[in-house]
Amino acid sequence: MEIIIQPTALEATAIAARMVAAHLREKPDAVLGLATGSTPVSLYKELISMNLDWSGVTTFNLDEYIGLPCDHPQSYRSFMWENLFRHVNIRRENTHIPDGNAVDVPAFCRGYEDRIAAAGGIDLQVLGIGTDGHIGFNEPSSSLASRTRIKTLTQRTRDDNARFFGSVEEVPHHVITMGIGTIMEARQCLLLAFGENKTRAIAEAVEGPITASNPASILQMHPSARVFLDSESA
Ligand code: GLP
């Protein structure tokens, strides 16, 4: 694990953005794994301002809520179009986000894994972290070998994400998420975590034992994982 600590989130994000940009320039048909949440918003802003060529890029998002209409403002599909896709020249057919309205969720999840494999695997995976150490929506106790599947959110994550909804009751209980095994197959991982509310999750992930109680701790086993922190999260 490489730990990159900067005084501010903006400075850390700028370095992460330069790494993603260098990757896209080197490999114009790169396969990116993308994350949602408030943390990567500035990363996407920075990437948009760089005027990169996204025409050959393929993306796979980590997760999606189950049951929200896909045009719901808090669906991760809406998030990605609002914060990145509509500002760059990516092809719609090259963007992949789990379908939270799939009729047969297990079949959809198997198909998602197949599409990642058919694209050649994920070159670079962007990650945030939940206050309980989750990556994607792999909550504590998720199998460290898990694949894309349905998960039930913990009350803590629903409380954390209630700020995006009118109230905690409106936060869905179920989600589709890439598994930890899926994430670990990405050739590079960039995890961004900023602010004091991430300090504990990061300390456990970086310095603690590898444990399903903190799913991000598995990144200690990843051959190329970088963790970007500001002074507060560090
Ligand atoms: C959600 C997402 C995660 C994200 C986490 C942290 O639960 N599924 O991928 O890392 O939120 O969000 P934030 O960046 O808003 O703290």
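The values are calculated or read from the model by the stated rules, or taken from the named source; none is laboratory data. Computed from a prediction, not measured in an experiment: that's the story for all the values here. With ideal geometry, Cβ positions are generated from the backbone for all residues, glycine too; neighbour counts draw on all protein chains shown.
Taking the conditions (1) more than 13 Å from the ligand (Cβ to nearest atom); (2) within 20 Å of residue 158 (Cβ to Cβ) in turn, residue 209 satisfies each one other than (2). Restricted to the stretch 5-96, the set of strands (runs of 3 or more DSSP E) holding at least 1 residues that are within 25 Å of residue 113 (Cα to Cα), in contact with a His (Cβ under 7 Å, 6 or more places away or on another chain) and free of Cβ contacts under 8 Å to residues at least 60 places away in the same chain comprises 58-61.
Could you please give the count of residues in the stretch 147-175 that are among the aliphatic types (A, V, I, L, M), away from the ligand (no atom under 11 Å from the Cβ) and surrounded by 14 or more Cβ atoms within 10 Å (Cβ to Cβ)? Adding up the residues that qualify gives 2.
The set of residues in the stretch 123-167 being of a type in the set (Val, Ile, Thr), in contact with an Asp or Glu (Cβ under 7 Å, 6 or more places away or on another chain) and closer than 20 Å to residue 33 by Cα consists of 148 alone. The residues of the stretch 200-219 that are out of contact with any Cys (no Cβ under 9 Å at 6 or more places or on another chain) and closer than 19 Å to residue 16 by Cβ, listed by number, are 201, 202, 205, 206, 216. In this structure, is residue 83 under 24 Å from residue 198 (Cβ atoms) and either more than 15 Å from the ligand (Cβ to nearest atom) or buried (at least 16 other Cβ atoms within 10 Å of the Cβ) (or both)? Here the answer is yes, as residue 83 does meet what is asked.
Checking the stated criteria, residue 177 turns out to be in contact with a Gly (Cβ under 6 Å, 6 or more places away or on another chain), of a type in the set (Val, Ile, Thr) and either under 28 Å from residue 103 (Cβ atoms) or at pLDDT 95 or above (or both).
You will find that of 152, 131, the residue that is touching a helix residue (DSSP H, G or I) at 6+ places or on another chain (Cβ under 9 Å), over 28 Å from residue 30 (Cβ atoms), of a type in the set (S, T, N, Q) and in contact (Cβ under 8 Å) with a residue 12 or more places away in the chain is 131 and no other. State yes or no: is residue 16 away from the ligand (no atom under 11 Å from the Cβ) and within 30 Å of residue 159 (Cα to Cα)? Yes: the conditions hold for residue 16. Reported count of residues in the stretch 117-135, each being within 16 Å of the ligand (Cβ to nearest atom) and among the aliphatic types (A, V, I, L, M), is 6. The number of residues in the stretch 188-228 that are of a type in the set (D, E, K, R) and surrounded by fewer than 17 Cβ atoms within 10 Å (Cβ to Cβ) comes to 3. When the criteria are applied in full, residue 121 fails the requirement of being surrounded by fewer than 17 Cβ atoms within 10 Å (Cβ to Cβ) and more than 16 Å from the chain's Cα centre (by Cα).
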